[in-house]
1. Within the group THR85, THR21, THR41, which residue is farther than 24 Å from ALA126 by Cβ and either in contact with a Lys or Arg (Cβ under 7 Å, 6 or more places away or on another chain) or of a type in the set (Val, Ile, Thr) (or both)?
2. Filter segment 201-245 for residues that are hydroxyl-bearing (Ser, Thr, Tyr), in a helix (DSSP H, G or I) and closer than 26 Å to ASP281 by Cβ and give the result.
3. Residues in segment 35-49: is at least one closer than 22 Å to LEU310 by Cβ, in a loop (DSSP other than H, G, I, E, B) and modelled with pLDDT under 95?
4. Of everything in segment 84-135, what is more than 12 Å from LEU151 (Cβ to Cβ) and among the polar types (S, T, N, Q)? Give them in sequence order.
5. With a cut-off of at least 3 residues that are without any contact (Cβ under 8 Å) to a residue 40 or more places away in the chain and touching a helix residue (DSSP H, G or I) at 6+ places or on another chain (Cβ under 9 Å), name the helices (runs of 4 or more DSSP H) lying wholly within segment 278-323.
6. Among the residues of segment 119-167, which ones are hydroxyl-bearing (Ser, Thr, Tyr), surrounded by fewer than 13 Cβ atoms within 10 Å (Cβ to Cβ) and assigned by TED's automatic domain parsing to the domain that holds ALA101?
7. Quick check: anything in segment 75-88 closer than 17 Å to ASP134 by Cβ and at pLDDT 95 or above?
8. Would you mind telling me which numbered condition in (1) in the same structural domain as ASP142 (by TED's automatic domain parsing); (2) assigned to a helix (DSSP H, G or I) ASP18 fails?
Amino acid sequence: MVFRGTITDAPDFDPRVDAETLYNAMKGIGSDKETILDLITSWSNAQRQEVISAYKCSFGQDLIEDLKYELTGKFERLIVSLMRTPPYHDAKEIHDAVKGAGTNERCLIEILASRNNKQLQDMAAAYKDAYGRDIEEDIIKDTSGHFKKMLVVLLQGTRDESGVVDADLVQQDAEDLYAAGEEKWGTDEATFIMILGNRSVTHLRMVFDEYEKTAEMSIEDSIKSELSGDFERLMLAVVQCIRSIPMFFATRLYKSMKGLGTADNTLIRIMVSRSEMDMLDIRECFRLRYEKSLYNMINDDTSGDYKRTLLNLCGGDDDLAGEFFPEAAQIAYKMWELSAMTKVQLRPTVRPAPDFDPAADAQALRKAMKGFGTDEDAIIDIVARRSNAQRQEIRQSFKSLLGRDLMKDLKSELSKNLERLIIGLMLTPAEFNAKMMKKAMEVKYEWTQNI
């Protein structure tokens, strides 16, 4: 897996020296919180474990207990969470979600829907070690119905991760899901649980495409109409994670901070757990979806040492580095990644339009942009239903018939996100690749100038 985190091993790392620095930062009246947060966010999780050992060897004290004593509130929860290994951090979150009166179902959903097999198995072992209890038994006692059954399936950590796809099984699963829901009165929840809980990520992405052709609606819309409550939320989270884990977490982060108040436990859990995995991808998804950087939203929504620590984990402000690639680039990359993983020939979704007339399309596009307001639906309908080669013919016809540059007209008439996507589609593959390379170099240059 390609590293896409923001926290890496600190260079020139010496756990004994750093343990002493931490000890001095907590010695006496008060504590040097700035030193504590700067040190801890500069180390990888593996390095933090070395510091914990060195601290005990040097001072005969438990570093985590000392941090709990010296720090308070949200800042203390965040720092202590960073000091736990990922399996023990997840185990603690699950334990807190099911202990006592009531259950934090959203925490259970977030963790169990997003972790891979090894992460789930390591978490179960950590839970047993930390609490002397079986995680599955505790979850079963605290949940019920189909929600419980799906959680138990996910908890096994046995999802197919081979990357091999059987085209016939893809079609069969899509048909079985349709037959289990939209095609019948009532819902066969067991079929949804079996397929969504066990099939590989690559396989399910293809199933979702086939399902949409069969049902004429997305799998998400079907789940919303067929299921309800926590079970519905869990199955939607599974689908979202199958499609894109970074986008799932970007959405969770946004919801944790929007409106009045902040869901600090959710914010802490995600920032801690993803900082060494895919925080860069989460930041990209966040900015694409919400047109605002994650860094700025954290900056606006939190304060003090707590904010500074979160911003260190975030790793940078994307609003300072120029715009990210348009959504079309993200889609193209995911399609390439999918083909590389599966060794299955992809079936394109955009083909040459029959009865194609570039002159008529050019006139229709001009009409959609002429006068007061812009008919964005008409533009989308034309551009998305033509192959790239046909789009180039439309560009030429637009120029020869109307004496205008289609690309300039589109840029001036369309709104920000739609403009980026439509322009990306109108470029030739060579132009698109060149534009992306130029953007990447500009981002890198601006970033180095801000160091």
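The values are calculated or read from the model by the stated rules, or taken from the named source; none is laboratory data. In this text, all values refer to a predicted model and were calculated from it rather than measured experimentally. Neighbour counts are summed over all protein chains in view; Cβ atoms, including those assigned to glycine, are modelled from backbone coordinates with ideal geometry.
1. On the way: THR85 fails: farther than 24 Å from ALA126 by Cβ; THR41 fails: farther than 24 Å from ALA126 by Cβ.
Just one listed residue meets the conditions, THR21.
2. Across segment 201-245, the qualifying residues are THR202, TYR211.
3. no
4. THR85, ASN104, SER114, ASN116, ASN117, GLN119, GLN121 - these are the residues of segment 84-135 that are more than 12 Å from LEU151 (Cβ to Cβ) and among the polar types (S, T, N, Q).
5. The qualifying helices (runs of 4 or more DSSP H) are 279-290, 294-301.
6. Within segment 119-167, just SER144 meets the criteria.
7. Filtering segment 75-88 down to residues closer than 17 Å to ASP134 by Cβ leaves 87-88.
Cutting the leftovers down to at pLDDT 95 or above gives us 87-88.
The answer is yes, given that some residue of segment 75-88 is closer than 17 Å to ASP134 by Cβ and at pLDDT 95 or above.
8. ASP18 satisfies every listed condition except (1).
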